[in-house]
1. Restricting to the range B:63-102, name every residue that is open to solvent by less than 70 Å² (accessible area, probe 1.4 Å), within 14 Å of another protein chain (Cβ to nearest Cβ) and not polar (S, T, N, Q).
2. Return yes or no: is residue A:76 open to solvent by less than 30 Å² (accessible area, probe 1.4 Å) and under 18 Å from residue A:131 (Cβ atoms)?
3. Sort out which residues of the range B:6-19 are open to solvent by 50 Å² or more (accessible area, probe 1.4 Å) and touching a residue at least 60 places away in the same chain (Cβ under 8 Å), and write them in order of number.
4. Select from the range A:115-130 the residues that are touching a helix residue (DSSP H, G or I) at 6+ places or on another chain (Cβ under 6 Å) and crowded, with 19+ Cβ neighbours inside 10 Å and list them in ascending order.
5. Please determine, by comparing only the residues of the range B:92-130 that are touching a Gly at 6+ places or on another chain (Cβ under 9 Å) and of a type in the set (Gly, Ala, Ser), which one is farthest from residue B:70 (Cα to Cα).
6. So which residues in the range A:94-106 are surrounded by 13 or more Cβ atoms within 10 Å (Cβ to Cβ) and more than 12 Å from residue A:139 (Cα to Cα)?
7. Which residue out of B:126, B:116, B:94 is among the charged types (D, E, K, R) and at pLDDT below 95?
8. Which of the residues spanning the range A:103-134 are under 23 Å from residue A:90 (Cα atoms) and facing another protein chain (nearest Cβ under 7 Å)?
Amino acid sequence: MVEWTDFERATIQDIFSKLEYEVVGPQALARCLVVYPWTQRYFGNFGNLYNAAAITGNPMVAKHGTTILHGLDRAVKNMDDIKNTYTELSVLHSEKLHVDPDNFKLLADCLTIVVAAQMGKAFTGEMQAAFQKFLAVVVTSLGRQYH
Amino acid sequence: MLSKKERELISEIWGRLTPVAEDIGAEALLRMFASFPGTKTYFSHLDISFRSAHLLSHGKKIVLAIAEGAKDISQLTVTLAPLQTLHAYQLRIDPTNFKLFSHCMLVTLACHMGEDFTPTAHAAMDKYLSAFAAVLAEKYR
(Lines give C-alpha, C1' and ligand atoms only; values in the text may rest on other atoms or scores of the structure.)
Protein backbone atom coordinates (compact mmCIF):
# COMPACT_ATOMS: atom_id res chain seq x y z
CA MET A 1 0.00 0.00 0.00
CA VAL A 2 1.29 3.42 -0.86
CA GLU A 3 1.64 5.78 2.09
CA TRP A 4 0.49 9.31 1.41
CA THR A 5 1.22 12.22 3.72
CA ASP A 6 -1.50 14.80 4.36
CA PHE A 7 0.47 17.26 2.27
CA GLU A 8 0.65 14.84 -0.66
CA ARG A 9 -3.06 14.07 -0.55
CA ALA A 10 -3.98 17.75 -0.33
CA THR A 11 -1.55 18.67 -3.12
CA ILE A 12 -2.93 16.08 -5.55
CA GLN A 13 -6.55 17.05 -4.87
CA ASP A 14 -5.66 20.72 -5.12
CA ILE A 15 -3.76 20.47 -8.40
CA PHE A 16 -6.39 18.33 -10.13
CA SER A 17 -9.30 20.43 -8.88
CA LYS A 18 -7.76 23.43 -10.63
CA LEU A 19 -7.00 21.71 -13.95
CA GLU A 20 -9.06 22.27 -17.06
CA TYR A 21 -9.07 18.70 -18.33
CA GLU A 22 -10.05 19.72 -21.87
CA VAL A 23 -7.00 22.00 -22.03
CA VAL A 24 -4.32 20.17 -20.06
CA GLY A 25 -5.06 16.69 -21.41
CA PRO A 26 -4.67 17.69 -25.06
CA GLN A 27 -1.57 19.77 -24.25
CA ALA A 28 0.12 16.90 -22.42
CA LEU A 29 -0.54 14.33 -25.14
CA ALA A 30 0.44 16.74 -27.92
CA ARG A 31 3.65 17.60 -26.08
CA CYS A 32 4.48 13.91 -25.71
CA LEU A 33 3.98 13.32 -29.45
CA VAL A 34 6.22 16.33 -30.27
CA VAL A 35 8.99 15.78 -27.71
CA TYR A 36 9.09 11.98 -28.10
CA PRO A 37 8.05 11.46 -31.73
CA TRP A 38 8.40 7.68 -31.55
CA THR A 39 5.25 7.66 -29.40
CA GLN A 40 3.37 8.53 -32.60
CA ARG A 41 3.60 4.85 -33.50
CA TYR A 42 0.46 4.20 -31.46
CA PHE A 43 -1.58 6.82 -33.28
CA GLY A 44 -1.30 5.79 -36.91
CA ASN A 45 -4.98 6.46 -37.52
CA PHE A 46 -4.97 9.95 -36.01
CA GLY A 47 -4.34 11.67 -39.33
CA ASN A 48 -1.92 14.58 -39.64
CA LEU A 49 0.89 14.39 -37.07
CA TYR A 50 3.44 15.81 -39.45
CA ASN A 51 4.78 18.68 -37.34
CA ALA A 52 4.27 20.37 -33.97
CA ALA A 53 1.55 22.70 -35.29
CA ALA A 54 -0.36 19.80 -36.87
CA ILE A 55 -0.13 17.75 -33.68
CA THR A 56 -1.22 20.62 -31.44
CA GLY A 57 -4.20 21.36 -33.71
CA ASN A 58 -5.23 17.75 -34.26
CA PRO A 59 -8.77 17.15 -32.90
CA MET A 60 -8.21 13.41 -32.39
CA VAL A 61 -5.15 14.17 -30.24
CA ALA A 62 -7.21 16.66 -28.26
CA LYS A 63 -10.04 14.22 -27.70
CA HIS A 64 -7.70 11.45 -26.62
CA GLY A 65 -5.74 13.77 -24.35
CA THR A 66 -8.97 14.65 -22.54
CA THR A 67 -9.85 10.96 -22.24
CA ILE A 68 -6.48 10.21 -20.67
CA LEU A 69 -6.80 12.97 -18.11
CA HIS A 70 -10.27 11.82 -17.12
CA GLY A 71 -8.70 8.40 -16.72
CA LEU A 72 -6.26 9.91 -14.21
CA ASP A 73 -9.23 11.19 -12.28
CA ARG A 74 -9.96 7.64 -11.15
CA ALA A 75 -6.66 7.53 -9.31
CA VAL A 76 -7.20 11.00 -7.83
CA LYS A 77 -10.49 9.80 -6.34
CA ASN A 78 -8.99 6.49 -5.23
CA MET A 79 -5.54 7.27 -3.95
CA ASP A 80 -5.52 4.39 -1.49
CA ASP A 81 -6.06 1.73 -4.13
CA ILE A 82 -4.61 2.97 -7.38
CA LYS A 83 -3.19 -0.48 -8.06
CA ASN A 84 -6.61 -2.12 -8.41
CA THR A 85 -8.22 0.93 -9.96
CA TYR A 86 -6.15 0.36 -13.09
CA THR A 87 -6.24 -3.44 -13.44
CA GLU A 88 -8.54 -3.35 -16.47
CA LEU A 89 -6.79 -0.43 -18.13
CA SER A 90 -3.46 -2.18 -17.64
CA VAL A 91 -4.76 -5.31 -19.36
CA LEU A 92 -6.17 -3.15 -22.16
CA HIS A 93 -2.87 -1.34 -22.78
CA SER A 94 -0.96 -4.63 -22.72
CA GLU A 95 -3.20 -7.10 -24.53
CA LYS A 96 -5.10 -4.92 -26.95
CA LEU A 97 -3.14 -1.69 -27.48
CA HIS A 98 0.34 -3.24 -27.11
CA VAL A 99 1.81 -0.05 -25.64
CA ASP A 100 5.37 -0.26 -24.30
CA PRO A 101 4.94 0.66 -20.61
CA ASP A 102 8.01 2.91 -20.77
CA ASN A 103 5.76 5.32 -22.66
CA PHE A 104 3.60 5.92 -19.60
CA LYS A 105 6.54 7.62 -17.93
CA LEU A 106 7.11 9.86 -20.96
CA LEU A 107 3.52 11.06 -20.87
CA ALA A 108 3.72 11.55 -17.11
CA ASP A 109 6.81 13.76 -17.53
CA CYS A 110 5.06 15.83 -20.20
CA LEU A 111 2.01 16.25 -17.96
CA THR A 112 4.28 17.46 -15.15
CA ILE A 113 5.77 20.08 -17.45
CA VAL A 114 2.35 21.25 -18.68
CA VAL A 115 1.19 21.67 -15.08
CA ALA A 116 4.44 23.48 -14.23
CA ALA A 117 4.00 25.87 -17.16
CA GLN A 118 0.48 26.60 -16.02
CA MET A 119 1.15 27.03 -12.31
CA GLY A 120 4.47 28.84 -12.66
CA LYS A 121 6.10 29.76 -9.35
CA ALA A 122 3.19 28.17 -7.45
CA PHE A 123 4.43 24.73 -8.53
CA THR A 124 7.00 24.38 -5.76
CA GLY A 125 9.62 21.64 -5.49
CA GLU A 126 7.53 19.90 -2.80
CA MET A 127 4.41 19.99 -4.96
CA GLN A 128 6.40 18.66 -7.90
CA ALA A 129 7.65 15.77 -5.75
CA ALA A 130 4.10 14.91 -4.64
CA PHE A 131 2.75 15.14 -8.18
CA GLN A 132 5.55 12.96 -9.53
CA LYS A 133 5.06 10.39 -6.77
CA PHE A 134 1.36 10.19 -7.67
CA LEU A 135 2.11 9.78 -11.38
CA ALA A 136 4.78 7.17 -10.61
CA VAL A 137 2.19 5.08 -8.76
CA VAL A 138 -0.21 5.43 -11.70
CA VAL A 139 2.52 4.45 -14.16
CA THR A 140 3.49 1.37 -12.11
CA SER A 141 -0.17 0.31 -11.81
CA LEU A 142 -0.71 0.61 -15.54
CA GLY A 143 2.29 -1.60 -16.15
CA ARG A 144 1.31 -4.22 -13.60
CA GLN A 145 -0.76 -6.57 -15.76
CA TYR A 146 1.85 -6.88 -18.49
CA HIS A 147 3.34 -10.34 -18.82
CA MET B 1 19.93 15.55 -34.12
CA LEU B 2 19.54 19.26 -33.52
CA SER B 3 18.39 21.35 -36.48
CA LYS B 4 19.76 24.82 -37.15
CA LYS B 5 16.50 26.33 -35.88
CA GLU B 6 16.71 24.31 -32.69
CA ARG B 7 20.31 25.36 -32.05
CA GLU B 8 19.35 29.00 -32.47
CA LEU B 9 16.37 28.58 -30.17
CA ILE B 10 18.49 26.91 -27.49
CA SER B 11 21.24 29.50 -27.77
CA GLU B 12 18.67 32.29 -27.49
CA ILE B 13 16.95 30.83 -24.43
CA TRP B 14 20.18 30.28 -22.49
CA GLY B 15 21.44 33.70 -23.50
CA ARG B 16 18.34 35.17 -21.87
CA LEU B 17 18.74 33.07 -18.74
CA THR B 18 22.42 33.80 -18.11
CA PRO B 19 21.67 36.90 -15.96
CA VAL B 20 19.53 34.77 -13.63
CA ALA B 21 21.82 31.74 -13.77
CA GLU B 22 22.01 31.26 -10.01
CA ASP B 23 18.23 31.43 -9.53
CA ILE B 24 17.53 28.93 -12.31
CA GLY B 25 20.35 26.62 -11.27
CA ALA B 26 19.51 26.66 -7.57
CA GLU B 27 15.83 26.02 -8.29
CA ALA B 28 16.56 23.07 -10.58
CA LEU B 29 18.86 21.55 -7.95
CA LEU B 30 16.31 22.03 -5.18
CA ARG B 31 13.58 20.42 -7.28
CA MET B 32 15.88 17.48 -7.93
CA PHE B 33 16.67 17.05 -4.22
CA ALA B 34 12.95 17.16 -3.37
CA SER B 35 11.82 14.69 -6.04
CA PHE B 36 14.85 12.39 -6.04
CA PRO B 37 16.31 12.34 -2.53
CA GLY B 38 19.08 9.93 -3.58
CA THR B 39 20.72 12.80 -5.44
CA LYS B 40 21.42 14.56 -2.16
CA THR B 41 24.10 11.99 -1.39
CA TYR B 42 26.48 13.82 -3.72
CA PHE B 43 26.16 17.00 -1.68
CA SER B 44 26.68 15.76 1.87
CA HIS B 45 29.64 18.11 2.19
CA LEU B 46 27.63 21.22 1.29
CA ASP B 47 24.74 23.21 2.71
CA ILE B 48 21.98 22.71 0.13
CA SER B 49 19.11 24.37 1.97
CA PHE B 50 16.82 26.84 0.23
CA ARG B 51 18.93 29.53 -1.45
CA SER B 52 22.01 28.79 0.63
CA ALA B 53 25.29 30.27 -0.59
CA HIS B 54 26.49 26.81 -1.67
CA LEU B 55 23.29 26.07 -3.57
CA LEU B 56 23.29 29.40 -5.39
CA SER B 57 26.95 29.23 -6.37
CA HIS B 58 26.64 25.62 -7.46
CA GLY B 59 23.47 26.26 -9.43
CA LYS B 60 25.17 29.21 -11.11
CA LYS B 61 28.17 27.10 -12.14
CA ILE B 62 25.97 24.46 -13.73
CA VAL B 63 23.76 26.89 -15.65
CA LEU B 64 26.73 28.90 -16.91
CA ALA B 65 28.32 25.69 -18.22
CA ILE B 66 25.07 24.73 -19.96
CA ALA B 67 24.78 28.24 -21.41
CA GLU B 68 28.39 28.21 -22.58
CA GLY B 69 27.83 24.91 -24.38
CA ALA B 70 24.71 26.31 -26.01
CA LYS B 71 26.71 29.04 -27.78
CA ASP B 72 28.21 26.51 -30.16
CA ILE B 73 26.67 23.06 -29.79
CA SER B 74 28.86 21.58 -32.52
CA GLN B 75 31.86 22.21 -30.24
CA LEU B 76 30.37 20.59 -27.15
CA THR B 77 33.18 18.05 -26.73
CA VAL B 78 35.79 20.81 -26.84
CA THR B 79 33.90 23.17 -24.52
CA LEU B 80 33.20 20.47 -21.97
CA ALA B 81 36.63 18.77 -22.00
CA PRO B 82 37.70 20.02 -18.55
CA LEU B 83 34.28 19.20 -17.05
CA GLN B 84 34.44 15.74 -18.62
CA THR B 85 37.67 15.04 -16.75
CA LEU B 86 36.28 16.47 -13.51
CA HIS B 87 33.15 14.32 -13.61
CA ALA B 88 34.96 11.14 -14.70
CA TYR B 89 37.85 11.14 -12.28
CA GLN B 90 36.79 13.26 -9.36
CA LEU B 91 33.04 13.69 -9.01
CA ARG B 92 32.07 10.34 -10.50
CA ILE B 93 28.38 11.14 -10.41
CA ASP B 94 26.35 8.22 -11.73
CA PRO B 95 25.12 9.40 -15.16
CA THR B 96 21.53 8.37 -14.36
CA ASN B 97 21.46 11.47 -12.23
CA PHE B 98 22.10 13.70 -15.24
CA LYS B 99 18.69 12.62 -16.54
CA LEU B 100 17.06 13.48 -13.23
CA PHE B 101 18.68 16.91 -13.18
CA SER B 102 17.74 17.55 -16.82
CA HIS B 103 14.11 16.74 -16.06
CA CYS B 104 14.09 19.17 -13.14
CA MET B 105 15.75 21.80 -15.31
CA LEU B 106 12.92 21.37 -17.84
CA VAL B 107 10.35 21.79 -15.06
CA THR B 108 12.16 24.93 -13.87
CA LEU B 109 12.15 26.33 -17.40
CA ALA B 110 8.43 25.56 -17.71
CA CYS B 111 7.69 27.39 -14.45
CA HIS B 112 9.65 30.42 -15.54
CA MET B 113 8.67 30.56 -19.19
CA GLY B 114 5.04 29.41 -18.94
CA GLU B 115 3.42 29.32 -22.37
CA ASP B 116 6.70 30.34 -24.00
CA PHE B 117 8.05 26.91 -23.15
CA THR B 118 6.32 25.51 -26.21
CA PRO B 119 6.40 21.80 -27.17
CA THR B 120 9.00 22.69 -29.83
CA ALA B 121 11.22 24.51 -27.32
CA HIS B 122 10.77 21.65 -24.85
CA ALA B 123 11.79 19.09 -27.49
CA ALA B 124 14.86 21.09 -28.50
CA MET B 125 15.88 21.66 -24.89
CA ASP B 126 15.44 17.99 -23.98
CA LYS B 127 17.62 17.00 -26.92
CA TYR B 128 20.29 19.53 -25.99
CA LEU B 129 20.41 18.50 -22.33
CA SER B 130 20.61 14.83 -23.36
CA ALA B 131 23.53 15.60 -25.67
CA PHE B 132 25.19 17.67 -22.94
CA ALA B 133 24.85 14.82 -20.44
CA ALA B 134 26.18 12.27 -22.92
CA VAL B 135 29.28 14.38 -23.62
CA LEU B 136 29.80 14.94 -19.90
CA ALA B 137 29.89 11.20 -19.31
CA GLU B 138 32.18 10.39 -22.25
CA LYS B 139 35.38 9.94 -20.24
CA TYR B 140 33.76 7.73 -17.58
CA ARG B 141 34.96 4.54 -19.25
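The values are calculated or read from the model by the stated rules, or taken from the named source; none is laboratory data. Owing to the predicted nature of the structure, the values given are computational and were not obtained by experimental measurement. Neighbour counts run over all protein chains shown; Cβ positions are idealised from the backbone, glycine included. Surface areas here come from the heavy atoms of the whole protein model, side chains and all, with no ligands, DNA or RNA. Shrake-Rupley method; radii C 1.70, N 1.55, O 1.52, S 1.80 Å.
1. Correct list: B:100, B:101.
2. Details: open to solvent by less than 30 Å² (accessible area, probe 1.4 Å): yes; under 18 Å from residue A:131 (Cβ atoms): yes.
Yes: the conditions hold for residue A:76.
3. Result: B:7, B:9.
4. The answer is A:116, A:117, A:123, A:125, A:127, A:128, A:129, A:130.
5. B:114
6. Taking the range A:94-106 and keeping what is surrounded by 13 or more Cβ atoms within 10 Å (Cβ to Cβ), we get A:94, A:99-101, A:103-106.
Hits for the range A:94-106 are A:94, A:99.
7. Working: B:126 fails: at pLDDT below 95; B:116 fails: at pLDDT below 95.
Only one candidate qualifies: B:94.
8. A:109, A:112, A:132 - these are the residues of the range A:103-134 that are under 23 Å from residue A:90 (Cα atoms) and facing another protein chain (nearest Cβ under 7 Å).
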